[in-house]
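To keep things clear, I will list the structure first and then write my remarks on it.
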Amino acid sequence: MIGGPIAFPRFFRRPRRPRFGVAFLFAFICIAMLSVSCSRTKVRKYSRTELMFGTVCRISLVDTSGELDGDAALEETFSRLADIEKRISRTQAGSEISSVNGQAGTAPVAVSEETYELVKTALQYARLTDGAFNPAIGPLVSLWGINTETAKVPSDEEISRVLPLLDWREVVLDDVERSIFLPRQGMSLDLGGIGKGYAADVAKATLRRFGASSALVNLGGNILVIGTKPDGEAWRIGLQDPDSSRGEFFLSVSLTDGTVVTSGPYERYFVQDGVRYHHILDASTGYPAVTHIASVTIVGADSTGADALSTAAFVLGVEPSLALLRTLPGVEAVFLMDDGTIRMSEGLADDASRWRLATDRYSVKLGD
Ligand code: AMP
Ligand code: MG
C-alpha cells in the first residue's frame with residue numbers, strides 16, 4: 001500500500017464539486033447584480049440661472065450617486081444667495097450694510113453674524129493689502145456713479161472732499177454687540193469687491209451639505225468648483241479675453257475643488273470725452289486705478305479671499321501683487337497685461353500642467 005494511490009472514501013471527494021459550483025454561481029449572481037445596479041445609477045445633471053448681485057449667476061451640479069436631491073440643493077443654495085444679497089447690498093434699502101451706512105457718524109448698528117464676519121474679513125484684507133482692497137470705498141463709488149445712469153467724472157473738489165471718508169482703519173467693530181460703526185458722517189461700506197466670492201463660498205458649503213461632490217458655481221465670472229467633473233477629470237476654467245466677446249478665452253486653468261476669480265477694467269466702465277473710466281478705484285488718488293493690467297485672475301481655495309485679492313491686485317500692480325502672493329501659500333495669479341503678455345505667480349508658472357494658452361494673440365512671460 002505504501003507509495004500507491006491513496007484511495008479516499010467517496011464521501012471525502014464528492015462534496016467538493018458542488019461547493020465549488022455554488023461559489024461560482026454566487027459570484028456570477030453578484031457580478032450580474034452589480035452590473036444591473038451600476039447601469040441603473042444614472043448621471044443626473046441639474047442647473048439653474050438667476051440674476052443676482054447685478055450679474056448672471058449659474059450653478060450646475062452633477063449627481064452620480066443617485067442620492068442627491070439636486071433640485072432641493074439648488075433651491076436652498078439660491079435662497080441663501082438671495083439672503084446674502086439682501087444683507088450686504090449697499091444699494092438695497094433695508095439691507096444691513098445700508099443701515100450701517102445710514103447710521104454713519106451717528107450710531108453703531110448690530111448686524112447678523114454672517115455680515116459681521118464678512119466685514120471683519122474684508123477689513124483683514126484691507127490690512128493685508130495696505131488698503132488696495134478698501135471696503136470703505138463706498139463714498140468714492142457713489143461719487144463716480146459707475147454702473148449707474150449718472151456715471152460721470154467728478155471734479156477735483158468733489159474728490160478731495162470724499163478722500164477723508166475712505167479710511168477703513170476708522171471702522172469700529174464690536175465683537176460683543178456684533179455691531180459696526182462708521183464714525184464719520186458720509187462714510188460707507190461697499191462689499192462689491194468681495195461679496196460674490198463670499199457668496200460662492202456659502203454656495204459651496206450649502207451644496208456640500210446636500211452631498212454634492214461635483215458642481216460648478218459661476219457668479220458672474222466668479223467661479224468655484226466642487227470636486228472634479230463627473231468623469232473624474234479636473235474642471236477647465238477659461239479666463240475671459242478682455243478684447244473679445246464674452247466666452248472667448250485667452251487661457252484656461254485646470255481646477256479641482258477651488259476657485260478662480262477675475263477682476264478687470266473691462267467688466268464695468270463708462271467713456272467720457274474718449275477716455276475709459278473703470279470701476280476699480282484707488283482710494284489713495286480717488287480715481288480708477290492706473291495699471292498696465294488688462295485683467296487679473298486669482299486661483300485658490302477660498303473664494304472670499306480670492307475676490308478681495310483680485311480687486312486688490314489690480315490696484316497694487318503686478319510686482320507688489322506677486323510679492324504679496326509669495327506670502328500666501330496656495331494662492332496663485334494670472335495677469336494679462338496691456339501689452340499682450342501674460343504673467344503668473346511662481347506656483348502656476350512652475351506647473352504648466354495647470355494651465356493652457358487658448359490663443360496665440362498673447363504670449364506667456366515666465367520669470368521676471
Ligand atoms: P471686483 O469686480 O471684485 O474687482 O470688484 C469691483 C467692485 O468693488 C466695484 O464695482 C466696487 O463696488 C468695489 N470696489 C472698487 N474699488 C475697490 C477697492 N479699491 N477696494 C474694494 N472694493 C472696491
Ligand atoms: Mg474682487
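The values are calculated or read from the model by the stated rules, or taken from the named source; none is laboratory data. None of the values given here were measured: they were computed from a predicted structure. Every residue, glycine as well, gets a Cβ built from its backbone with ideal geometry; the counts of neighbours run over all protein chains shown. In case anyone asks, the SASA skips ligands and DNA or RNA and just uses the protein heavy atoms, side chains included. Shrake-Rupley method; radii C 1.70, N 1.55, O 1.52, S 1.80 Å.
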Exercise. So which residues in the range 296-312 are away from ligand 2 (no atom under 12 Å from the Cβ) and not acidic (Asp, Glu), if there are any at all?
Worked result: Val299, Gly300, Ala301
Exercise. How many of the residues in the range 313-336 are open to solvent by 10 Å² or more (accessible area, probe 1.4 Å) and either part of a strand (DSSP E or B) or near ligand 2 (Cβ under 10 Å from one of its atoms) (or both)?
Worked result: 1
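Can you tell which of Gly286, Gly211, Gly220 is in contact with a Cys (Cβ under 7 Å, 6 or more places away or on another chain) and in contact (Cβ under 8 Å) with a residue 60 or more places away in the chain?
Details: Gly286 fails: in contact with a Cys (Cβ under 7 Å, 6 or more places away or on another chain); Gly211 fails: in contact with a Cys (Cβ under 7 Å, 6 or more places away or on another chain).
Unique residue meeting the criteria: Gly220.
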Exercise. Within the range 278-327, can you find the residues that are β-branched (Val, Ile, Thr) and closer than 17 Å to Glu267 by Cα?
Worked result: Ile280, Val290, Thr291, Ile293, Val296, Thr297, Ile298, Thr311, Val315
Exercise. Just a yes or no: is a residue in the range 129-143 under 22 Å from the mean Cα position of the chain (by Cα) and either away from ligand 1 (no atom under 15 Å from the Cβ) or at pLDDT below 95 (or both)?
Worked result: no
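Looking at the range 176-203 only, could you name the residues that are in contact (Cβ under 8 Å) with a residue 40 or more places away in the chain, away from ligand 2 (no atom under 15 Å from the Cβ), open to solvent by 30 Å² or more (accessible area, probe 1.4 Å) and not in a strand (DSSP E or B)?
Of the range 176-203, the ones in contact (Cβ under 8 Å) with a residue 40 or more places away in the chain are 177-203.
Still in the list and also away from ligand 2 (no atom under 15 Å from the Cβ): 177-188, 202-203.
Now restrict to residues that are open to solvent by 30 Å² or more (accessible area, probe 1.4 Å): 177-178, 181, 183-186.
Listed by number, the residues that qualify are Glu177, Arg178, Pro183, Arg184, Gln185, Gly186.
What tally of residues in the range 273-289 results from selecting those that are modelled with pLDDT under 95 and open to solvent by 60 Å² or more (accessible area, probe 1.4 Å)? Please lay out each step first, then the result.
Of the residues in the range 273-289, the ones modelled with pLDDT under 95 are 273-279.
Filter again for open to solvent by 60 Å² or more (accessible area, probe 1.4 Å), leaving 273-276.
Number of matching residues: 4.
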For this session: Go through the residues of the range 158-166 one by one and say whether even a single one is modelled with pLDDT of 95 or more, among the charged types (D, E, K, R), closer than 20 Å to Tyr277 by Cβ and within 14 Å of ligand 1 (Cβ to nearest atom).
Result: no
For this session: Would you mind finding the one in Gly340, Gly347, Gly305 that is on the phi > 0 side of the Ramachandran plot and surrounded by 12 or more Cβ atoms within 10 Å (Cβ to Cβ)?
Result: Gly340
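Could you check the range 143-175 and list, in sequence order, the residues that are aliphatic (A, V, I, L, M) and within 16 Å of ligand 2 (Cβ to nearest atom)?
Looking only at the range 143-175, we keep the residues that are aliphatic (A, V, I, L, M), and these are 143, 146, 151, 153, 159, 162-163, 165-166, 171-173.
Selection gives Ile146 alone.
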Exercise. Which of the residues that make up the range 53-62 are open to solvent by less than 70 Å² (accessible area, probe 1.4 Å), at pLDDT 95 or above and not hydroxyl-bearing (Ser, Thr, Tyr)?
Worked result: Cys57, Ile59, Leu61, Val62
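Just the residues that are of a type in the set (Asp, Glu) and in a helix (DSSP H, G or I), please, taken from the range 345-364. Can you show your working first?
Here is the first cut: in the range 345-364, the ones of a type in the set (Asp, Glu) are 346, 350-351, 360.
Hit for the range 345-364 is Glu346, nothing else.
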Problem set entry | Filter result (within 11 Å of ligand 1 (Cβ to nearest atom) and assigned to a strand (DSSP E or B)) within the range 274-286 | His278, Leu281, Asp282
Exercise. Can you pull out the helices (runs of 4 or more DSSP H) entirely within the range 76-161 that have at least 3 residues that are open to solvent by 50 Å² or more (accessible area, probe 1.4 Å) and in contact (Cβ under 8 Å) with a residue 12 or more places away in the chain?
Worked result: 113-128
